[in-house]
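Asker: Quick one: structure below, then a few questions.
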Amino acid sequence: MRIRPYRVAAAVAVACAAVALAACGGGGGGNAAASTDFQSKLSDKPLTLSFIWFEWPPAHALEELGKEYTKVRPNVTIKVNTVPIANWHDAIFTQFAAKKTNFDMPILDSQYIGEAVENGNILDITDFAKKYVDRSAYDPYFLAAYGQYPQTKTGEPTPNSRTYGLPLMGDTWSMIYRKDLIKQPPQTWDEMIAAARQCQEEHPGMSGLAFHQANATDAAAVTYNTVNGVYGGELWDPAKKQIEGIVNNAAGKKAMDVLVNQMKPLTPKGSGNWFIDEVNAAINQGKVCIGFQWIGAMPGLLDPKSSKLGTTKEEILQKLGFAALPKQDSDYVPLGGMGMHISKYAPADHQAEALNFMKWFQQPEVQTRWAQLGGVPGRKDVLASKAFLDAAPYNKVFTDSVPRLRDFWNLPQYAKLVNIQTTNVNAALNGTEKPDEALDKIASEQQAILDESK
Amino acid sequence: MADTTITPPSRAGLTAPPAARRFRHLTDGRLAGLFIAPALALLLFLSIFPLLWALYLSFTDYSATRDVPSNWIWFQNYTDLLSSAEVHQRAITTLIFVVSAIALQTLLGFTIAYLISRRTRGRGALTTLFLIPMMLSPVVVGLFWKFMLDAQFGVVNSFLTTLGLGEAEWLTDKRLALLSVIVVDTWQWTPFIMLIALAGLTAVPKYLYEASEIDRASEWLRFRHITLPLVWPLLLIAVLFRAIEAFRLFDLVYILTGGGPGVSTETLSFHVYKTAFLGFDTGRASAYGILMVIVVIVLAQFYLRYLNRLQER
C-alpha cells in the first residue's frame, strides 16, 4: 500500500480533533451538588488536599493550620498553592474553563461566586451546610457574601439562595495611623483628611496618606467604593440592575471629588500604581502619616526586619495605631476576605476530603487557632473572644467593622464590572481623566454590561 | 594491456539482501512522508489547528467558561471590534509604541553595530556584553525596571535627585508611562537590531572600501554609497521581525504599568488579554486575535514586496 502525504495529514488532523474534543469534554469526577454522606467516601490513602489562593500572609497561615488537620487525618496533607494577586482570578477561571483543575479548593473572592456558580464550576453545598454547619454561629452577612448565590441585595442572604462556600477569611480595610504623630484617631473622614494634611505639613519628607490606587484587580475600585460608601453613595440598585444614575449620583460625585482632589494630593509622588505591598512598604519606611490596608496584609507591618519604625514589634506598635475607618455621611466599610469552595472537577475522594475539612474548620477551637496564626475567622463567638482580640493589635478593628461591611456586586459579570471601575478610578487618580468624566464613564460602561446580561 | 572492462553480472542471478526485502514497500516517497509526519503533526497540532479553531470561534459568541452552547453570529464580533472606539484607542497606542520603539532601536542598534564594526580589538567581548539584555526574560526585565523606575524607591529617581534634576513619575504619569515602556523595550531589543546590522556590516566586501579610498571618497560618502545600501536590506528584515514582535507587545505592559494610568499604555495584545480573560468573551477575543494576525500578514506582505524590489535593483 502506498502512503500518500494527504492521508498522513488527514490522519493527523483527525487525531488533533480527537485530542481537542477530549480536552473540551468534561474532566474530573465530581458531582454538581455535594453529598451529605461524604464521610463514606473519605479515603485512607495518602492524599494532598490542595487550595489555590494569592500570595499573602494568610495563605501561609492556612498551610500552617493544615498541619493541625493532618493530626486529625494523618493521611492528608494540606497544600496551599499561591499566585500573584493580579493573576488570582485568571489562575482559577482558566482552569475552570478547561474543566480540569489542579486544585481541590479554590479560595474565591466574594464577588467571584456568581461567575463560578453560573458556569457550574463549584459544588453546591447547601445540604451539607444545613446538616453540618451551625449557621447561627455566623453573621448572616458572612454566610451570604462568602458563599451564597444569588443575592437580591449584595451580601444579604435571600430565601432562594443556595450555598456554594463557607467563610474562610474575613477582612476589611483598617486605618493605620502614626500614633506618635497623630494623637487621636480621626473620627470622621473630613477630620482624617485634615489630620493627614497637618501631619504632612508638620513633617517634611512625609506624605499624609497612602492607599490602593493600582490599575490591577479591584485595587483602585475598592478605594473608590470605600469613599463612596463613607459619603453615602451606592454602587447600584440590585433589584432593577441599575448602575447609571446611582453610582454617579451627587453622593458618588462628591466621593470621587474628595478622592481625587483632597486625598490624592496627600499621597506620595508616583503612588498612582500602589497596591498592598507598596502601601505596606511606605508605612514601614516611615514615609506616610495615615495608610489604609486590608487586615489580612497587616502582619507585614509588624515585622521588624522590613520596618524602619522599630527594631522590635513592641517598638513598632509604639508608633503605629489601628482603627476602624472614620465615618462621614454613612458608615460603610469595604468587605474583603474570601470563602472556601470546592472544585466540581476535583476527584470524588478529594471532594469528600474538602467537605471534611470544611466541617472541621467550623469548630471554635480551630477558628481560634486560625486567628492565632494570622487568619480572620467568621464565627461570631470567636470574633468576640479575648483569644481573637489579643491575637493581633488590629483584630479589634475587624470585630468593630463587621456591622458596617458592604461588598461589591457578586454577579457573573463581576470581572468586567470591576475592570471598568479600577481602570477609570486609576485614570482619575493619575490625571488621565477628570473625576466626573471617569465616574460617568464607569456608570455608562457598567450599565451596558448589565443590560447585555438582562 | 589489461582488460579493465567489468562485465555486469546478469540480473537474474541477483537477490535482494534480507533487510532490503523486508522494507521494500518503503519507497523513497513513503520514507519521506514518514520522516516529515512528526513535524507535520506538531505543526498541525500546535499551530494550524489552534488557528483554525480560533477562526471558527471568532464567528460565534462562545465563552470558555459558560456551560451553554454557543451561537453562530457570523461577522458580529468583527464588526463590533472594528467599530469600537476602545479598539481604535488601543490601535493608536500600539502604533505609537511600534513606530517609536522600532525607530529608536534601529537608530541605536545600527549606530552601536557601526561603532563595534570599526573596532578590531575586543569586538567579540563588546558584542557579547551588548547582547545580554536580549537573553533575559521580558518578565524579569519588566520587574527590575519596575523597581528601578519606581517614583519613591527607584534608583532612577534617586540618581536624578542626586544630579538636582528632580523626580519623575515614570510609570504613573500619562505622558511618561508609554515613554517608559518604549525605553525598556528599546533597552532589551536594541541588541537584536545591532546583531543583524553587525552581520551585515562585516559582510560588506573590503575591496569596495579600498576602491573608495583610492578614489579619495570621504567617510560620509563611503557610508552613504557603500555601507548603508549593502546593509539596508538586512536591516529591514530585522526591523520587520522587531515590528511584528512589538505589534504584539504584552509582557512589558502587563508587568510595568498594567495598561495604566487608565488605559494610556494598553496595547492591542493587552486588550485581547482582557477580552479573553476578564469575562471570558472567547469568541470576541478570537476575532480580535484573527484581526491582529491579518493586520500583521498584510503589512508584512507590503513590506516584503518593498524588500524584494530593493534587492532586485
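Taken together, the values in this text are just the output of simple stated rules run on the coordinates, not laboratory data. The structure presented is a predicted model; accordingly, all values stated were derived computationally and were not measured. Every residue, glycine among them, receives a Cβ derived from its backbone with ideal geometry; neighbour counts consider all protein chains shown.
Asker: May I have the pair-distance distribution P(r) for the stretch B:221-313, computed from all Cα-Cα distances with 10 Å bins from 0 and rounded to whole percent?
Answerer: 14, 32, 26, 17, 9, 2
Asker: Please give me the summed charge of the neighbours of A:Ala34: other residues whose Cβ is under 9 Å from its Cβ, Lys and Arg +1, Asp and Glu -1.
Answerer: Value of the local net charge: -2.
Asker: Using a Gaussian network model of chain B whose springs link C-alpha atoms within less than 10 Å, name the residue from B:Asp150, B:Asp215, B:Asp281 with the highest mean-square fluctuation.
Answerer: B:Asp215
Asker: Still on this structure: If you average the C-alpha positions of the stretch A:310-331 and of the stretch B:166-195 separately, how far apart do those two centres end up, in angstrom?
Answerer: 39
Asker: How far is the Cα center of the stretch A:192-234 from the Cα center of the stretch A:255-302, in Å?
Answerer: Taking the Cα centre of each part, the stretch A:192-234 and the stretch A:255-302 sit 7 Å apart.
Asker: Still on this structure, I have one more. Kirkwood-based Rg over Rh for the protein assembly as shown (C-alpha set), two decimals? Don't jump to the answer; show the numbers that get you there.
Answerer: Details: Rg = 31.6 Å, Rh = 29.9 Å.
That ratio is 1.06, to two decimals.
Asker: In addition: Counting only complete DSSP H runs, which helices of chain B cover 15 Å or more along their long axis at the Cα atoms and score a mean Kyte-Doolittle of 0.0 or above?
Answerer: B:28-43, B:85-117, B:123-135, B:138-149, B:174-202, B:228-247, B:282-312
Asker: Let me ask something additional. Quick one: helix A:57-72 against the long Cα principal axis of chain A, what's the angle to the nearest 10°, folded into 0 to 90?
Answerer: It works out to around 50 degrees.
Asker: If I build a Gaussian network model for chain B, linking alpha-carbon pairs within less than 10 angstrom, which residue out of B:Phe302, B:Phe159, B:Phe35 has the largest mean-square fluctuation?
Answerer: B:Phe35
Asker: Normalised by the number of residues in the stretch B:84-312, what is the relative contact order in percent for Cα pairs under 8 Å and 6+ residues apart? The partial results should precede the final answer.
Answerer: Numbers: 230 pairs, mean separation 62.9, N = 229.
The normalised contact order for the stretch B:84-312 reaches 27 percent.
Asker: Taking the Cα centre of the stretch B:234-313 as origin, sum charge times position over the Cβ atoms of Lys and Arg (+1) and Asp and Glu (-1), and report the length of that vector in debye to the nearest 20.
Answerer: Its charge dipole is roughly 280 debye.
Asker: If you don't mind, another one. Please give the Cα centre distance for the stretch A:86-147 versus the stretch A:434-449, rounded to the nearest Å.
Answerer: Value for the Cα centre distance between the two parts: 29 Å.
Asker: For the stretch B:84-312, report the translational diffusion coefficient in µm²/s to the nearest whole number, using Stokes-Einstein at 20 °C, 1.002 mPa s, and a Kirkwood Rh over Cα pairs.
Answerer: 108
Asker: Helix A:435-453 versus the longest principal axis of chain A: what angle, 0 to 90°, nearest 10, using Cα atoms?
Answerer: The two axes meet at around 20 degrees.
Asker: Rounded to whole Å and sorted largest first, what semi-axes of the equivalent ellipsoid does the C-alpha gyration tensor of the stretch B:11-167 yield via the square root of 5 times each eigenvalue?
Answerer: 51, 36, 16
Asker: Can you list the lysines whose alpha carbon is less than 19 Å from that of A:Lys254, not counting same-chain residues fewer than 8 positions off?
Answerer: Straight-distance partners of A:Lys254: A:Lys264, A:Lys327, A:Lys434, A:Lys441.
Asker: Next question. Can you list the lysines whose alpha carbon is less than 19 Å from that of A:Lys67, not counting same-chain residues fewer than 8 positions off?
Answerer: Partners within reach: A:Lys45, A:Lys79, A:Lys359.
Asker: Rg to Rh for chain A: what is it, with Cα atoms only and Rh by Kirkwood?
Answerer: 1.01
Asker: A follow-up question, please. Tell me the net charge near A:Asp180. Cut-off is 14 Å between Cβ atoms, A:Asp180 excluded, with +1 for each Lys or Arg and -1 for each Asp or Glu.
Answerer: Residues near A:Asp180 contribute +2 overall.
Asker: Okay, next question. Would you mind giving the mean number of other chain beta-carbons within 10 Å of the Cβ of each residue in B:267-280, as a whole number?
Answerer: Rounded to a whole number, the mean comes out at 3.
Asker: Under a 10 Å cutoff between Cα atoms, tell me which one of B:Ser158, B:Ser47, B:Ser180 has the largest fluctuation in the Gaussian network model of chain B.
Answerer: B:Ser47
Asker: Taking +1 at the Cβ of each Lys and Arg and -1 at the Cβ of each Asp and Glu, which of A:Thr267, B:Ile116, A:Ile295 sits farthest along the dipole of the protein assembly as shown towards its positive end, judged by Cα position relative to the Cα centre?
Answerer: Result: B:Ile116.
Asker: Right, something else. Treat every Asp and Glu Cβ in chain B as -1 and every Lys and Arg Cβ as +1, leave all other atoms uncharged, and give the resulting dipole magnitude about the Cα centre to the nearest 20 debye.
Answerer: 1100
Asker: Now a separate question. Positive end of the charge dipole of the stretch B:199-243 (Lys, Arg +1 and Asp, Glu -1 on Cβ, about the Cα centre): tell me which of B:Leu235, B:Trp220, B:Ala199 has its Cα farthest that way.
Answerer: Result: B:Leu235, furthest along the dipole toward the positive end.
Asker: How much net charge surrounds B:Leu108 when only other residues with a Cβ under 13 Å from its Cβ are counted (Lys, Arg +1; Asp, Glu -1)?
Answerer: 0
Asker: In addition: Calculate the dipole size of the protein assembly as shown relative to its Cα centre from +1 charges on Lys and Arg beta carbons and -1 charges on Asp and Glu beta carbons; express the result in debye to the nearest 20.
Answerer: Working: 70 positive and 68 negative charges, 548 e Å.
Taking the Cα centre of the protein assembly as shown as origin, the dipole is about 2640 debye.
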